[in-house]
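Presented below is the structure to which this report refers.
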Amino acid sequence: MRSKLILGNWKMHFTVKQAVSFAGKLAAKPIPEGVTVGVIPHALALSEIATLLQKTGLKLGAQNAYFQDEGAFTGEISMPMLRGIAKYVLVGHSERRHIFHESNELIRHKVAAAVRSGIIPVLCIGETLVERQHYHTKQVLTDQLVSGIADLTSEEVAKIVVAYEPDWAISDGKSFAKHDVATPEDAQKSSDIIRSNISELYGQEVAKKVKVLYGGSANPDNAAAFLKCDGIDGLLPGGASLNMATFWPMVEIAATTVPTKINVKK
Ligand code: PEP
């Protein structure tokens with residue numbers, strides 16, 4: 001059985017001091033068995049938090065990195081620079097795709113660069129509201145996924161994380177408790193799309209090993225419903241990861257929720 005993974009995406013929030021202080025509070029909490037918990041602060045806080053988290057169970061992720069290893073790329077950090085600091089890196093987050101116009105091609109290079117550097121890419125895929133309204137979700141997820149992992153071997157694909165993050169469900173960081181959110185059926189359907197594509201291209205064993213997260217206004221009130229889906233292995237909350245009262249209950253829910261097969265209409 002795949003273990004559970006809860007990753008808090010802090011986005012562009014917190015000063016370095018605030019980020020380090022919050023990471024310290026989270027690191028002091030006992031992490032329940034069967035759950036991996038990580039935080040994803042902005043790049044400036046990574047190094048200090050990495051030092052703080054040594055010898056703790058809390059994992060660290062980066063929000064972004066470029067695919068070239070080094071060179072004249074002002075403002076960027078590279079995957080090799082994250083080595084020894086971050087275990088995970090977000091790639092293809094909808095804010096990177098839509099605000100910073102990252103293409104499927106760039107995202108594919110980033111996924112491959114992360115793997116080359118021994119960092120686990122969390123490949124985020126998801127449809128916009130318009131794409132959903134036109135019933136293009138399956139095609140969009142397939143295109144983003146298949147393109148994103150195209151440069152990896154099957155052994156490498158088995159170790160990545162894929163996050164289903166419908167663009168229309170992602171909150172502004174404050175509205176996560178009352179924002180539109182996907183249904184557990186949407187999440188299960190997306191996990192089925194992800195695994196069936198991987199199965200077709202890399203085999204069933206690989207498809208079974210890949211971790212699939214749900215993200216998009218995940219919070220303590222809806223966490224159990226998502227974690228009950230047997231295709232969903234965890235959550236990638238943004239807004240709800242910014243404070244202990246809304247983040248930690250999701251970790252506890254992940255530890256106690258037993259997944260069951262839910263049948264969805266194709
Ligand atoms: C995210 O950060 O990827 C996210 C899904 O944000 P939120 O939970 O605030 O919608």
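The values are calculated or read from the model by the stated rules, or taken from the named source; none is laboratory data. Values in this document were obtained by computation on a predicted structure and should not be read as measured data. Because the Cβ atoms are built from the backbone with ideal geometry, glycine has one as well, and the counts that use them run over all protein chains shown. Accessible surface areas use protein heavy atoms only, side chains included; no ligands, DNA or RNA. Shrake-Rupley method; radii C 1.70, N 1.55, O 1.52, S 1.80 Å.
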Amide H to amide H under 5 Å from LEU235: which residues, 5+ apart in sequence or cross-chain, H placed 1.01 Å off N in plane? LEU5, ILE6, LEU7, TYR214
Compute the longest continuous run of the chain that contains no exposed chymotrypsin sites (Phe, Trp or Tyr not before Pro); treat a site as exposed when its DSSP state is not H, G, I, E or B and it has at most 15 other Cβ atoms within 10 Å. 136-266
SER3-VAL146 pseudo-label distance in nm [points 7 Å out on the Cα-to-Cβ vector]: 3.4
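Taking the solvent-accessible surface of protein heavy atoms with a 1.4 Å probe, what is the per residue accessible area of the chain in Å²?
On the way: 12360 Å² over 266 residues.
Ligands and nucleic acids excluded, the result is 46 Å² per residue.
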What distance in nm separates the two pseudo spin-label positions at SER47 and VAL258, each 7 Å out from Cα along the beta-carbon direction? 4.8
Given a 10 angstrom Cα cut-off, can you work out which residue in ALA72, ALA23, ALA182 is the most mobile in a GNM of the chain? ALA72
Candidates LEU46, LEU213, LEU235, ranked by Gaussian network fluctuation over the chain, Cα under 10 Å, top entry: LEU46
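What is the calculated FRET efficiency for LYS159 to ASN104, with r their C-beta to C-beta distance and R₀ = 30 Å, to the nearest 0.05?
Details: r = 21 Å, r/R0 = 0.69.
Result of the calculation: an efficiency of 0.90.
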Residues with amide H under 5 Å from that of GLY126, placed H, sequence gap 5 or more: GLU165
How big is D, in µm² s⁻¹, for region 38-122 by Stokes-Einstein at 10 °C and 1.306 mPa s if Rh is the Kirkwood radius over C-alpha pairs? 122
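About its Cα centre, how strong a charge dipole does the chain have in debye, to the nearest 20, once Lys and Arg get +1 and Asp and Glu get -1 at the Cβ?
On the way: 29 positive and 27 negative charges, 134 e Å.
Here the chain has a charge dipole of around 640 debye.
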Choice from PRO32, PRO41, PRO166 with maximal GNM fluctuation in the chain (Cα, 10 Å cutoff): PRO32
Length released on extending from ALA72 to LYS138, taking residue separation times 0.36 nm less the Cα-Cα span: 20.0 nm
Test item: Cα-centred dipole of region 1-158, Lys/Arg +1 and Asp/Glu -1 on Cβ, debye: 680
What distance in nm separates the two pseudo spin-label positions at MET12 and LYS178, each 7 Å out from Cα along the beta-carbon direction? 2.5
